[in-house]
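Inspection log for the structure reproduced underneath, given as structure tokens.
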Amino acid sequence: ETGYITLDDGYGNTGSCKSAITYIDGDAGILRYRGIPIEDIAGRSSFVEAAWLVIFGKLPTVQDRNRFSDLLTENSMMNENMRKHFDGFPTAAPPMAILSAMINTLSAHEPAVWSAHDDESIERAAAVLLSKARTIAAAAYKSSIGEPIVYPRYDVKYVENFLHMMFSVPYREYKPSKTAVKALNLFLLLHADHEQNCSTSTVRMVASSQANMFASCSAGVCALWGPLHGGANVAVIEMLERIRESGMDVKEYVRKVKNREDGVKLMGFGHRVYRNFDPRSKILRAAAEDLLEEMHVTDPLLDLGRELADAALSDDYFIERKLYPNVDFYSGIILRAIGLPVDMFTVMFAIGRMPGWIANWKEIHDDPKGRIYRPRQVYIGPTDVQWKPRSER
Ligand code: SDX
């Protein structure tokens, strides 16, 4: 009745799974990766460092960091046979459809996934997936705008290489600003893991059948796509643009939400676990303001977003239901400022969440007593129905 899967392990122990990766206190608004508060990681670690922490359970040493960075670089190029798949996608193909399909296809082209059984081989497979997810995402964007797919560079780091593959064109190298690279590192890091959300639970479900890392994470991409989950960062921008184009006062929009007119929700607000501010939204709001200031740009949607949040946070409807801005409310502003198109926003969430999905796959894989997830149900259908021949139906 609480709307979440009770993972019955067959011994009558119901309740959700046990995990040592991410801790959330929804009432206090606390989020920790492997015991470290998100506020201490954000702005100090890069996305790649946070990814290694989430997957392997501790901050990487210099040796770990250099080895993993080399693995990411070595595996950034997409197999030429994989590139051929892009010739078949229609221009309007949703990037999330391409990402989920191509991540699953990786298991056909990348044997590393079949030998992922100990930390060393899992690290290699994780590097293949993390690195190629970025290359696939950029290739999906290039295909959608009819430009040639750009090969990765071997002399720049993860985020810079992604922006290079997104925005470089033949004979004109794109050099992202340090500000944009810093903001995107922070965005990805803040999405790295988040306990048993819809997509991560999906990854664990698939992993529990002993499916490979790539297949499990591909399922995670599909679950994340929904507008109630990772698709919300797109829905927030669409909501703000609708309000701006209509000229509607934010208080009028809040009234429509409260009255549930046309089924509108305040996208980017509310959370199943947080009954307080999502700590990530606080960090993202500050980062969005800093980014726009450093880039000397203004975004009317940020001003509108702040106004809308302030209106909701002072309204009893939201206060009584403990609805606060979540990770998606401000994240789209940052992605817009960096120049990413809206249909790539959820793809960015997926790239950010990849370490958490890999870590959850690994936690299942490493459990010697691991059993397949097999949730039970409350049957509410008809009983004892007689079969009838077609002439009598
Ligand atoms: C993510 O789980 C995770 O950790 C997810 C995530 C992660 O990092 O993986 O944090 C990422 O998915 C964040 C959430 C992004 N989605 C949105 O922003 C979409 C808008 N939010 C809502 O759809 C909703 O708040 C959910 C989906 C996030 C949570 O849904 P719940 O827990 O099922 O909440 P609910 O629908 O039971 O809401 C309780 C009440 C209801 O009112 P009553 O029926 O009690 O009168 O609050 C209302 C809801 O109608 N409500 C909202 C609302 N969210 C809840 N009313 C207006 N606008 C909203 N956004």
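Every number here is computed from the coordinates shown, using simple stated rules; none is lab data. What you see is a predicted model, and the numbers here were worked out from it, not measured in a lab. So basically every Cβ, Gly included, is an ideal-geometry build from the backbone, and we count neighbours across all protein chains shown.
Scanning the range 318-333 for residues that are near the ligand (Cβ under 8 Å from one of its atoms) and among the β-branched types (Val, Ile, Thr) yields a single hit, Val327.
Tell me, please, whether a residue that is over 17 Å from Ala235 (Cβ atoms), among the hydrophobic types (A, V, I, L, M, F, W, C) and more than 12 Å from the ligand (Cβ to nearest atom) can be found in the range 334-343. Yes, some residue in the range 334-343 is over 17 Å from Ala235 (Cβ atoms), among the hydrophobic types (A, V, I, L, M, F, W, C) and more than 12 Å from the ligand (Cβ to nearest atom). Of all residues in the range 17-33, those that are farther than 16 Å from Leu323 by Cα and without any contact (Cβ under 8 Å) to a residue 40 or more places away in the chain total 2.
Across the range 243-265, the number of residues qualifying as away from the ligand (no atom under 11 Å from the Cβ) and of a type in the set (D, E, K, R) comes to 8.
Within the range 291-302, the set of residues being of a type in the set (Asp, Glu) and either surrounded by fewer than 14 Cβ atoms within 10 Å (Cβ to Cβ) or within 12 Å of the ligand (Cβ to nearest atom) (or both) comprises just one member, Glu293. Among what's in the range 165-208 and is of a type in the set (A, V, I, L, M) and farther than 17 Å from Gly43 by Cβ, pick the residue that is nearest to the ligand (Cβ to nearest atom). Step by step, filter the range 165-208, then rank; the result is Val203. Against the condition among the small types (Gly, Ala, Ser) and surrounded by 14 or more Cβ atoms within 10 Å (Cβ to Cβ), how does Ser115 come out, does it pass? Against the criterion (among the small types (Gly, Ala, Ser) and surrounded by 14 or more Cβ atoms within 10 Å (Cβ to Cβ)), Ser115 does not qualify. Restricting the range 216-265 to residues that are touching a residue at least 24 places away in the same chain (Cβ under 8 Å) and acidic (Asp, Glu), the residue that is nearest to Ser331 (Cα to Cα) is Glu238. Where helices (runs of 4 or more DSSP H) fall entirely within the range 42-112, those with at least 3 residues that are of a type in the set (A, V, I, L, M, F, W, C) are at 47-56, 62-74, 95-109.
Of the listed requirements (1) more than 15 Å from the ligand (Cβ to nearest atom); (2) closer than 19 Å to Phe187 by Cβ; (3) in a helix (DSSP H, G or I); (4) out of contact with any helix residue (DSSP H, G or I) (no Cβ under 6 Å at 6 or more places or on another chain), Ala288 misses just one: (4). For the range 307-344, the set of residues classified as free of Cβ contacts under 8 Å to residues at least 12 places away in the same chain and either surrounded by 18 or more Cβ atoms within 10 Å (Cβ to Cβ) or in a loop (DSSP other than H, G, I, E, B) (or both) consists of Ser314 only.
The rows are residues; the columns are (1) of a type outside the set (D, E, K, R); (2) surrounded by 24 or more Cβ atoms within 10 Å (Cβ to Cβ); (3) assigned to a loop (DSSP other than H, G, I, E, B).
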position: Val159; (1), (2), (3): yes, yes, no
position: Asn185; (1), (2), (3): yes, no, no
position: Val203; (1), (2), (3): yes, yes, no
position: Phe214; (1), (2), (3): yes, yes, no
position: Ser218; (1), (2), (3): yes, yes, no
position: Ala223; (1), (2), (3): yes, no, no
position: Gly226; (1), (2), (3): yes, no, yes
position: Ala235; (1), (2), (3): yes, no, no
position: Ile243; (1), (2), (3): yes, no, no
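The set of residues in the range 355-387 being under 27 Å from Tyr158 (Cα atoms) and either in a loop (DSSP other than H, G, I, E, B) or among the basic types (Lys, Arg) (or both) consists of Lys362 alone.
Out of everything in the range 356-377 that is of a type in the set (Lys, Arg) and in contact (Cβ under 8 Å) with a residue 60 or more places away in the chain, what residue ends up being nearest to Ala125 (Cα to Cα)? Of everything passing the filter in the range 356-377, Lys362 is nearest to Ala125 (Cα to Cα). Remark: Gly268 matches the filter, which requires a residue to be within 28 Å of Ile30 (Cα to Cα), within 11 Å of the ligand (Cβ to nearest atom), touching a Pro at 6+ places or on another chain (Cβ under 9 Å) and in contact (Cβ under 8 Å) with a residue 60 or more places away in the chain.
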